[in-house]
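**Student:** What follows is a single structure, and I will ask about it in a moment.
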Amino acid sequence: AIGGNIIYSSAATVNNAAATLTLYGFDRPRSEISNFFKTRPQLTQELSRQKNTQLFIMQTAIDKSVAFIVEYHQTPPPSTPLSWPDLPQPPGAEPDFTATLAATHTTIVRATIPLPPHTATTTIHNMLHAKGWQLAAPATPSLSLYQRHNATFTALTLPGNIPGTSTITLLQRLGEQN
């Protein structure tokens, strides 16, 4: 088995549709988790068929990853183009995954951007700074954490699959509203 722990589960809007989103954390790189599922196609096919489920795996550090398991409440899951969520959008960013959790006012988007990682990181930093976000901790070349009042914003930038591009993951948490 590949291990992994549930780190969060909630009702959500995922890729423009009502769903339940469950996150599993792994102390393994994305490639290991992906290979586990690739060598067991019957497992992913059965999940998709029985539970109308999708799996997204994201690298979060060199040896860590998060699996997003999405169980849609409708059949089949939507195939409409994804719209950019209510987050600052870097120029040219094309989303391939979006999720909104109403209970915590949290929004996440994963996208491809036509810039190399260093340029993408700088572009995102400048864009957020112009909107009043301040670094909450020293940034690394790939990960930055921002704060504005009680809200947090995380930006993860990794090399894309095509040279000169980046895969970005932006997460904004406004927090629970009373």
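What follows draws every value from the coordinates through simple rules; no lab data is involved. Since we're looking at a predicted model, the values are computed, not measured. Positions of Cβ are generated from backbone atoms using ideal geometry, with glycine treated the same way; all protein chains shown enter the neighbour counts.
**Student:** Stretched out fully, how many nm does the piece from residue 147 to residue 9 gain, at 0.36 nm a residue minus the Cα gap?
**Tutor:** On the way: separation 138, 0.36 × 138 = 49.68 nm, distance 2.40 nm.
Fully extending the segment from residue 147 to residue 9 adds 47.3 nm.
**Student:** So what's the back-of-envelope 222 nm ellipticity for the chain, counting only DSSP H runs of four-plus at -39500 (n - 2.57) apiece and dividing by all residues, rounded to 500? Walk me through the numbers on the way to the answer.
**Tutor:** Values: 3 runs with 34 residues, N = 178.
Counting only the DSSP helices, I get -6000 deg cm²/dmol.
**Student:** Also, quick follow-up: By its C-alpha gyration tensor, with a ≥ b ≥ c as the square roots of the eigenvalues, how is the chain shaped: rounded for a/c under 1.5, else prolate for a/b larger than b/c, else oblate?
**Tutor:** prolate
**Student:** For the pair residue 119/residue 139, report the inter-label distance in nm, with labels modelled 7 Å from Cα in the Cβ direction.
**Tutor:** Reported label-point gap for residue 119 and residue 139 is 1.6 nm.
**Student:** For the chain, take the longest principal axis of its alpha carbons; what is the angle in degrees between that and the long axis of helix 41-51, to the nearest 10 within 0 to 90?
**Tutor:** Approximately 90 degrees, to the nearest ten.
**Student:** A further question on this structure: If I fit a long axis through the Cα atoms of helix 117-130 and take the longest principal axis of the Cα atoms of the chain, what angle between them do I get, 0 to 90°, rounded to 10?
**Tutor:** Rounded to the nearest ten degrees, it is 60.
**Student:** Per 0.36 nm of contour for each residue apart, how much would the distance between residue 64 and residue 2 grow if the chain were fully extended, relative to their Cα-Cα spacing? Could the numbers behind the result be given before it?
**Tutor:** Working: separation 62, 0.36 × 62 = 22.32 nm, distance 1.23 nm.
So the extension gain works out to 21.1 nm.
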